[in-house]
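The values are calculated or read from the model by the stated rules, or taken from the named source; none is laboratory data. Only a predicted model underlies this, so the values are computations on that prediction, with no experimental measurement involved. Neighbour counts run over all protein chains shown; Cβ positions are idealised from the backbone, glycine included. What goes into the accessible areas is simple: the full protein's heavy atoms, side chains included, and nothing from ligands, DNA or RNA. Shrake-Rupley method; radii C 1.70, N 1.55, O 1.52, S 1.80 Å.
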Amino acid sequence: MGMIGPYSIGFLLAQQPTLGYRSVKIILKDGLTFKDLNKNEKLDPYEDWRLSPEVRVQDLISQMTIEEKVGFMLISTTRMAGDNAFQQGGARTQITSKFNEEDLVQPNNMFTRKPLTVPIMSAAGTTKGVKEFHLRHFILRANPPAKTIAEWANHLQDLCESTRLGIPAIVASNPRNHITIDAAIGLSVGTTAFSKWPGELGLAAMHDLKLTREFAEIARQEWTAVGLRKGYMYMADLATEPRWQRIEGTFGEDADWSAAMIGEIVKGFQGTHLSPSSVAMTTKHFPGGGPQEKGLDSHFDWGKYAHYPGGMFEYHLKPFKAAIEAGTSAIMPYYSSPKGKGFEEVGFSYNKAIIQDLLRKKLGFKGIVNSDTGPIEMMPWGVEQLTLTQRYQKALEAGVDLFSGTADPTILKDVVKQGLVSETRINESVARLLTEKFALGLFENPYVDPEKAQTTVGSTAFQEKAELALRKSIVLLKNDSKILPLAQKTKVYFETHYDNGRVANPITVYKPTSPHQALEFVMTKEEADIVVLWLVPSAGGLFASANKPIELGLSKNKIDISRVNETLKSKPTVLAINFSSPWVLDELNSEAAKTIIATFGTTTDALLDVISGKFNPTGKLPFTIPTSQQAVEENKSDVPGMLEPKGYSLFKFGEGLSYH
């Protein structure tokens, strides 16, 4: 298939787009070509790309059955052949571009591991999902090469094209372009074939909106090349509760800076409006997942409440307002139930005051409301006593358009058949979902070029830009003894501490594969002039969390603090710490810790360029680092650290030194 040419969706605009097709016939009219998607040998309004999306949407809805409509309102995991994601004890096998035709029915909540009252079909066999369940929204969680994804995406679109109405699929993904510590399913895909950028906190730490926009534009080109057209990202949540275990995916604690970041990222992925070159964004998690009670996450019943002890509910809305202003295609409410705010204490996907009154009426959002994964079956906070059909009814009345987590539309169909909601209400959601697909040009050409995907994704030019970002994301916090930048030919012993639970020895000594241009690396501390310690603490990941708040001290997060302090005392030491959370540093020998660098998902090469002075650090802290665990426990969850009382901060939001 060729690339889509210059193209605009407007009323009776006769500029021929490139059509991508496999099995349908082409209709010739007025010297122009159209796809006969419903195979009736005439040009229907929804097949006529000259017409406005509104006209096309209404025509297609009039032709859809109720079964096709409810299937269209689900988004679920889709699995490629060889992909055993979510499958307990599933063997690691090679993922190919063929379909996985096996249903995945789970008796347990995939997050809490507790038994469900009704088993959930989290993924359907691909052909069955498309042809019998009429599914057209999918989440790809697999991590194969770019060409494999592109070939699979084409197979999927070919299958959709062969159905009664020929409605194309849209494939979503979590982030694929970041160096992250917690790459659990549902949060991030981790290291991929795509260009590798700093974690989201690192993007914020760059303090460079122009480069942030460039990141999004580059990632957009990579995503569209493989057929990924919907992003389950980015998080507009604020890092105001330091114990919340999803801070790594945020842009920090400052609402204004996060709003600026979100605006650039939405515009970079989508453009000024959705078009055939866009990735449609799903900004999450409305109205802000940051202020969790004690930082406990609402994936779990013990963390179901968001609360606002500092009275800063409005503060958390700022990044969402920026996303709406930038034109974000969808917004995802969180699982949490608001506590003590005057709202009904039910999960945000069930909360009419949050979705209809606040998001739609007050903030003016007209796009898609996409539930997070599984609020109906797995996280029904505040509505546990309702049946599954009643939960769907309440969520539909609240304003949800797209339900994530299940591949089986049977219960949603029952909601309509039993008259619990009207078909008119269903049509509203289907119209929003179809409008996105028409705007993305998927009805004209959903196919991609696998060879081009292979050369586009992770290209040298894209990675060069990412290399700059990886360096700009590094923050110099302390340089008291002025040992940085290191002098030429300094003898360096470089040790990384990272315990991911899968390695026998969490300590790695850096051994360059070729001589370094500025530094000389040695294999023992005794030989060294300077020791570099890079600590990568980990709380174990969100889905390994338990019914208690996490502690933020280094020793509580898999760091051998006695070894670190011994090193600090024995040699001049550059201490680099990767902050996926605002770690508490009070266990460090503060007199000896004279040189401290903060990283947020970067590479060894980038860190060495800063240490050696090849790159002058310019990064700024995206959140406040607390003085102690006690300060953490006394914090107000909705209040950013920079506004907490005196004595809370060791390093404040926005701090960061340079060499000159």
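May I ask you to derive the FRET efficiency for ASN547 and ALA461 from their Cβ-Cβ distance with R0 = 35 Å, giving the value to the nearest 0.05?
So the FRET efficiency works out to roughly 0.15.
Which of the pairs LYS210/LYS321; LYS321/LYS478; LYS304/LYS361; LYS196/LYS594 have their Cα atoms more than 24 Å apart in this structure?
LYS321/LYS478; LYS304/LYS361; LYS196/LYS594
If packing is taken as the average number of other Cβ atoms within 10 Å across a peptide's residues, how do 235-248, 542-555 rank, most packed first?
Highest-to-lowest ranking by the protection proxy: 235-248, 542-555.
Tell me which aspartates and glutamates have Cα within less than 13 Å of LYS525's Cα, excluding those fewer than 8 residues away on the same chain?
GLU495, GLU566
Using just the helices of the chain, give the 222 nm mean residue ellipticity in deg cm²/dmol: DSSP H runs with n ≥ 4 each add -39,500 (n - 2.57), and the total is spread over all residues, rounded to 500.
Calculated at 222 nm, the ellipticity per residue is -7500 deg cm²/dmol.
For ASN108 and ASN616, FRET efficiency with R0 = 60 Å and r from the beta-carbon atoms, rounded to 0.05?
With a Förster radius of 60 Å, E is 0.70.
Please work out how much length the chain gains when fully extended from GLU314 to THR627, using 0.36 nm per residue of separation minus the C-alpha to C-alpha distance, in nm with one decimal.
110.0 nm
When the label point is put 7 Å from the Cα of LYS482 along its Cα-to-beta-carbon vector, which residues of region 603-632 have a backbone N closer than 19 Å?
611-614, 616-617
What's the magnitude of the charge dipole for region 261-310 around its Cα centre, counting Lys and Arg as +1 and Asp and Glu as -1 at the beta-carbon? Answer in Debye, nearest 20.
Computed charge dipole of region 261-310: roughly 80 debye.
Could you check the simple spin-label distance between SER62 and ALA431, using points 7 Å along Cα→Cβ, in nm with one decimal?
Distance between the two pseudo-spin positions: 1.4 nm.
For LEU657 and GLU345 in one chain, what is 0.36 nm times their gap in residues minus the Cα-Cα distance, to one decimal in nm?
Stretched fully, the LEU657-GLU345 segment lengthens by 107.9 nm.
Can you tell me the FRET efficiency between LYS128 and ILE26 if r is taken as the Cβ-Cβ distance and R0 is 51 Å, rounded to the nearest 0.05?
For R0 = 51 Å, the calculated efficiency reads 0.95.
Determine the per residue accessible area of region 506-660 with all protein chains present and a 1.4 angstrom probe, expressed in square angstrom.
About 42 Å² of surface per residue is accessible.
Charges at C-beta only: +1 for Lys and Arg, -1 for Asp and Glu. How large is the resulting dipole of the chain about its Cα centre, in Debye rounded to 20?
Roughly 300 debye for the chain.
Top to bottom by accessible area (1.4 Å), largest first, where do PHE138, PHE615 land?
Highest to lowest solvent-accessible surface, that is PHE615, PHE138.
Could you work out the local net charge near ASP638, counting Lys and Arg as +1, Asp and Glu as -1, over the other residues with Cβ closer than 12 Å to its Cβ?
Residues near ASP638 contribute -3 overall.
Once Rg/Rh (Cα atoms, Kirkwood Rh) is worked out from the coordinates, which option in (i) 0.95; (ii) 0.99; (iii) 1.05 does it equal?
Given (i) 0.95; (ii) 0.99; (iii) 1.05, the structure-derived one carries the label (ii).
LYS569: which aspartates and glutamates have alpha carbons under 12 Å from its alpha carbon, excluding same-chain residues fewer than 8 sequence positions away?
Within reach: GLU591.
With labels modelled as points extended 7 Å from the Cα through the Cβ direction, what inter-label distance (nm, one decimal) is found for GLN385 paired with LYS362?
2.7
To the nearest 10 square angstrom, how much accessible area does ILE170 have with a 1.4 angstrom probe?
0
Show MET523, MET80 ordered by accessible area, largest first, where the area counts protein heavy atoms only and the probe is 1.4 Å.
Largest accessible area first, the list is MET523, MET80.
Starting from the Cα of THR33, step 7 Å along the direction of its Cβ; do the same at VAL118; then give the gap between the two resulting points in nm.
So the label points at THR33 and VAL118 sit 4.6 nm apart.
With all protein chains present and a 1.4 Å probe, how do GLU325, GLU464, GLU67 order by accessible area, largest first?
Per-residue accessible area, sorted high to low, gives GLU325, GLU464, GLU67.
Report the charge-dipole magnitude of region 477-519 in Debye, nearest 20, computed about the Cα centre from +1 at each Lys and Arg Cβ and -1 at each Asp and Glu Cβ.
In total the dipole reaches around 160 debye.
Mind jotting down the distance between the C-alpha centroids of region 207-285 and region 95-112, whole Å?
28
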